[in-house]
Amino acid sequence: MIAVTSSERPLPAFVQQPLKMLIDGQWVDAVSGKTSPVENPATGKEFARVPAGAAADIDLAVQAARRAFEKGTWARMSAVQKERILWRLSDLFEQHIDELVELEIIDNGMPISLITRAIERAIDGFRYYAGMCTKLHGVTSEISGQRADFHAYTLVEPVGVVGLIVPWNSPFSAACNKIAPALAAGCSAVLKPAEQTPLTALFIGRLALEAGIPPGVLNVVTGNGQDAGAALANHPDVNKISFTGSTEVGKQLVHAAAGNLKRLTLELGGKSPVFVFDDADMDIAIPRAAAAIFSNSGQICYAGSRLYIQKNSFDKVVAGIADIAKKMRMGDSFDKKTELGPLISKRQHETVLGYIESGIAEGAELVTGGHAPQGDGYYVEPTVFANTGNAMRIVNEEIFGPVLCAMPFNDLKDVPALANATPYGLGAGIFTSNISTAHLAAKRINTGNVWVNFYGGADKSMPFGGTRQSGWGREGSIEGIEAFLEKKAVYIRL
Ligand code: NAD
């Protein structure tokens, strides 16, 4: 592991002005007048403050969204016009990509190469849904009653006012993944970014107004989960919540949604397995398995945190990954060569280091890493454990840090039980040169996504989501927009 120092940079212009929330097309403070700190995870220092939105602010934002929805300024705008505006917003994202990258780095800490690619992909995804505005349609159905003929068809209609709650680990992408299909469906939205990373959400709000999205159609309320998030989830005039975050909070949202039976999409946590078979091309498998866990310092929902290696290759693969871990550049996320940034917060830093200690205490073999380097910021070395077993906390629980547990397996027969040994079902990786092994393993693993001879990522044309306690529903593809639509059946007696 090579450490480089974090550079001191002037703050972007966007954060040098007072930061406000976007409600009904206006930039406003919290009703309470309170603010909360925004911290740079590379230094641990506060550099800005945002309004501490809570129930009263959520209520104003929901009312604004409802007014806009009922007025139909967006919901009933022509599909072509909506498409144009969303496309214009995508163009604005592209024009401002340097600012978006900079904001995301000081807010979230992700290395520049990684965040630039993530933002580019998110913009592509935005355009995917912009184009869908003009492709939504119902169907006609050939029904006939015994005594009369009918013309029967379906209408697709926006679900209404939606709450979009996102986490901190890829803030711009997570927000776009929800805003684009929600608005393309014709909904009005209240976006609640994570308290740790509010900046790009506010910047999206600014560009949305510039693109011509009418006031009230996209509102952005900053604030923490217990106050603003819970108020949004409980609000009786919200028709749907689309949530990305932890499984623990996802379960709370199920209760919150019960009040008015609002629709719910949940993209939750994971503890994803990666299988390396003896016949894999190790020049592909070793670096990909390393990237599966160390990318974004392990703060990815589908991080490949459980590595199962067929027993003859165990030592070689573990040594190869440990070697990569030792050489990874950690430090200044503005440096294009940096591969590892800081974790998001002091709390996350302590949690991850606590898991490492628990692994050592439970008898796992620490192959490499395991420490926080000296100095500022919430950095943790890329860490590899061997001799881990299914009973250990580090193998069962989502750590959300750069911590890999390596374990041997015998053959294909072991795969389903090992893969499905946790309550999660988000991602899985298979490295093999045998096509039957690949297909059979893909079939038997109970997850929402499987990658073969590759790991991670989601194309917008494909559904993304989790089985079991990794979530409900899918983002991406036609399913991602259907989650924001209702279908109405219309019968006309002829
Ligand atoms: P979190 O659940 O603590 O917070 C996520 C969001 O929910 C934040 O905006 C937070 O303010 C809000 N929130 C917190 N408590 C709330 C409540 N009671 N009611 C309503 N909203 C509330 O998650 P996190 O720590 O920010 O993010 C990490 C988690 O997100 C990990 O578990 C990770 O796996 C998951 N994640 C999943 C995906 C996916 O697509 N499946 C993607 C990224 C992250």
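The values are calculated or read from the model by the stated rules, or taken from the named source; none is laboratory data. Predicted model only: the values in this text are computed from it and were never measured. Using ideal geometry, Cβ is built from the backbone for each residue, glycine included, and neighbour counts are taken over all protein chains shown. Ligands, DNA and RNA are stripped out before the accessible areas are found, and what is left, the full protein with its side chains, is counted by its heavy atoms. Shrake-Rupley method; radii C 1.70, N 1.55, O 1.52, S 1.80 Å.
Is there a residue in region 206-222 that is touching a residue at least 40 places away in the same chain (Cβ under 8 Å), open to solvent by less than 20 Å² (accessible area, probe 1.4 Å), within 30 Å of V395 (Cβ to Cβ) and within 13 Å of the ligand (Cβ to nearest atom)?
Within region 206-222, none of the residues are touching a residue at least 40 places away in the same chain (Cβ under 8 Å), open to solvent by less than 20 Å² (accessible area, probe 1.4 Å), within 30 Å of V395 (Cβ to Cβ) and within 13 Å of the ligand (Cβ to nearest atom).
So for region 274-295 (the condition being among the basic types (K, R) and either under 23 Å from E475 (Cβ atoms) or within 16 Å of the ligand (Cβ to nearest atom) (or both)), does at least one residue qualify?
No.
(1) within 11 Å of the ligand (Cβ to nearest atom); (2) part of a helix (DSSP H, G or I); (3) out of contact with any Leu (no Cβ under 7 Å at 6 or more places or on another chain): which one isn't true of A303, the others all being true?
(2)
Given the criteria within 16 Å of the ligand (Cβ to nearest atom) and either in a loop (DSSP other than H, G, I, E, B) or modelled with pLDDT of 95 or more (or both), does L343 qualify?
Considered against the rule, which asks whether it is within 16 Å of the ligand (Cβ to nearest atom) and either in a loop (DSSP other than H, G, I, E, B) or modelled with pLDDT of 95 or more (or both), L343 comes out as yes.
What number of residues in region 217-237 are under 20 Å from L183 (Cα atoms) and touching an Asp or Glu at 6+ places or on another chain (Cβ under 6 Å)?
The total comes to 1.
Working carefully through the options A458, A442, find the one that is within 16 Å of the ligand (Cβ to nearest atom) and not aromatic (F, W, Y).
On inspection, the qualifying residue turns out to be A458.
Testing L155 on (1) in contact with a helix residue (DSSP H, G or I) (Cβ under 7 Å, 6 or more places away or on another chain); (2) surrounded by fewer than 21 Cβ atoms within 10 Å (Cβ to Cβ), one condition comes back false. Which one is that?
(1)
When you look at F203, is it closer than 30 Å to E102 by Cβ, of a type in the set (F, W, Y), near the ligand (Cβ under 9 Å from one of its atoms) and within 19 Å of the chain's Cα centre (by Cα), yes or no?
In short, no.
Taking V254 as the residue in question, decide whether it is at pLDDT 95 or above, of a type in the set (A, V, I, L, M, F, W, C), touching an Asp or Glu at 6+ places or on another chain (Cβ under 7 Å) and more than 8 Å from the ligand (Cβ to nearest atom).
So V254 does not fit the description; no.
Tell me yes or no: at least one residue of region 388-407 is of a type in the set (S, T, Y) and either within 16 Å of the ligand (Cβ to nearest atom) or not assigned by TED's automatic domain parsing to the domain that holds E350 (or both).
For region 388-407, residues of a type in the set (S, T, Y) and either within 16 Å of the ligand (Cβ to nearest atom) or not assigned by TED's automatic domain parsing to the domain that holds E350 (or both): absent.
How about region 110-162: which of its residues are among the basic types (K, R) and not in a loop (DSSP other than H, G, I, E, B)?
Residues satisfying the conditions are R117, R121, R127, K135.
Search region 234-274 for residues being of a type in the set (D, E, K, R) and surrounded by fewer than 22 Cβ atoms within 10 Å (Cβ to Cβ), and hand back the single one that is farthest from Q469 (Cα to Cα).
Here the residue is D237.
Yes or no, residue by residue, for (1) crowded, with 21+ Cβ neighbours inside 10 Å; (2) not in a strand (DSSP E or B):
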| position | (1), (2) |
| --- | --- |
| I284 | no, yes |
| A292 | yes, yes |
| L307 | yes, no |
| D323 | no, yes |
| F334 | no, yes |
| T338 | yes, yes |
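Quick one: is A230 open to solvent by 10 Å² or more (accessible area, probe 1.4 Å), assigned by TED's automatic domain parsing to the domain that holds G33 and within 21 Å of the chain's Cα centre (by Cα)?
Judged against the criteria, A230 is a match.
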